[in-house]
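Novice: Got a structure for you, questions after.
The values are calculated or read from the model by the stated rules, or taken from the named source; none is laboratory data. Please read all numbers here as calculations on a predicted model, not as lab measurements. Ideal geometry is used to build each Cβ from the backbone, glycine not excepted, and the neighbour counts take in all protein chains shown.
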Amino acid sequence: MDIFSFNPETILSFILTLMRVSIIVFALPFFGAGVIPSTVKASLCIVLALSLWPKLSFPGALLPGGLFQLSLMMAGEFILAIVFNVIINFLFAAVQTGGYLIGFSMGFSMVNAIDPLTGAQDVVTAYFLSQVATITFLSLNGHYFLLGALADSFALVPPGGLILNPSLGADMLKFSGQIFLLALKIAAPILFPMLLVDLALALAGREAPQMNIFTFGFPLKILIGFLFLTMIFTMMSRYVGDYILELAPMYRSIMKAPG
């Protein structure tokens, strides 16, 4: 076979496939993490594009010839990548929000740790639960669901086909509401015992004003908080698993929104 006799439309088809894969992969939290070298991410994009191209590809004729049309197509691809990133980050935002609530109730609001992935400072409990959620997500093969959604996008969304519209905004608002609901579900098993501890300390302080409540109240809240924190891992893994199962319907609902 003469390797120099490629049809130009075939090359353009591969370019469109590589563009879709590259933009989405660089936006996903695991494959496009900042700690991964750019050369590794670029190699991954090329390998994925070569793997998908024989079965899932766009006709080369869809690549526009004008600069303005090409810019619109790139804008649509970036919007699709942002949607992919935002939906998966809803889960980790909910876990971190629950960690913030837990840390505040335990008295850890002033104790921060630096997240190596983002470089931002997080409350210790929020950072810890975020790492547990990440490990759980990967253990339950959540990254395969992301790759499956990437493959579905070739059939559901043409190049640059996903643009801003009222239906897309309504779906994103509906999905974002799960952040606060899931955060409360994660934090509730600890917030309720902390509330009882605060109530008991308040009653003890009222009955014995000469007693220094803060001397043993702060260690007591930490002890009880860590005790109940060990009990939420199974529950949180179930929530993460349920969210993973909802990823495919979420992405299909978004990608079927009229462009």
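Novice: Within segment 166-179, can one find any residue that is modelled with pLDDT under 75, surrounded by 13 or more Cβ atoms within 10 Å (Cβ to Cβ), touching a Leu at 6+ places or on another chain (Cβ under 7 Å) and not aliphatic (A, V, I, L, M)?
Specialist: Among the residues of segment 166-179, not one is modelled with pLDDT under 75, surrounded by 13 or more Cβ atoms within 10 Å (Cβ to Cβ), touching a Leu at 6+ places or on another chain (Cβ under 7 Å) and not aliphatic (A, V, I, L, M), which makes the answer no.
Novice: Name the residues in segment 68-113 that are in contact with a strand residue (DSSP E or B) (Cβ under 8 Å, 6 or more places away or on another chain) and either modelled with pLDDT of 75 or more or within 15 Å of P29 (Cα to Cα) (or both), would you?
Specialist: Within segment 68-113, Q96, G99, Y100, G103, F104 meet the criteria.
Novice: Here is a follow-up. Of all residues in segment 224-234, count the ones that are without any contact (Cβ under 8 Å) to a residue 60 or more places away in the chain, surrounded by 13 or more Cβ atoms within 10 Å (Cβ to Cβ) and either among the small types (G, A, S) or not in a loop (DSSP other than H, G, I, E, B) (or both).
Specialist: Matching residues across segment 224-234 total 2.
Novice: Separate question: Determine whether segment 182-205 contains at least one residue that is charged (D, E, K, R), surrounded by 13 or more Cβ atoms within 10 Å (Cβ to Cβ) and at pLDDT 80 or above.
Specialist: Taking segment 182-205 first, the residues charged (D, E, K, R) are 185, 198.
Right, trim to surrounded by 13 or more Cβ atoms within 10 Å (Cβ to Cβ) and you get 185, 198.
Right, trim to at pLDDT 80 or above and you get 185.
Looking through segment 182-205, at least one residue is charged (D, E, K, R), surrounded by 13 or more Cβ atoms within 10 Å (Cβ to Cβ) and at pLDDT 80 or above.
Novice: Checking the structure you have, find out if any residue of segment 114-122 is more than 26 Å from A27 (Cα to Cα), at pLDDT below 85 and out of contact with any His (no Cβ under 8 Å at 6 or more places or on another chain).
Specialist: Pass one, segment 114-122, residues more than 26 Å from A27 (Cα to Cα): none.
There is no residue in segment 114-122 that is more than 26 Å from A27 (Cα to Cα), at pLDDT below 85 and out of contact with any His (no Cβ under 8 Å at 6 or more places or on another chain).
Novice: When you check P249 against the structure, is it over 17 Å from the mean Cα position of the chain (by Cα) and loosely packed, with under 13 Cβ neighbours inside 10 Å, yes or no? Write out each step before concluding.
Specialist: Values: over 17 Å from the mean Cα position of the chain (by Cα): no; loosely packed, with under 13 Cβ neighbours inside 10 Å: yes.
Criteria not met by P249.
Novice: Here's another thing I want to ask about it. Assuming K55 fulfils every condition listed in (1) at pLDDT 75 or above; (2) surrounded by 13 or more Cβ atoms within 10 Å (Cβ to Cβ) apart from one, which condition is it?
Specialist: So K55 meets the others, but not (2).
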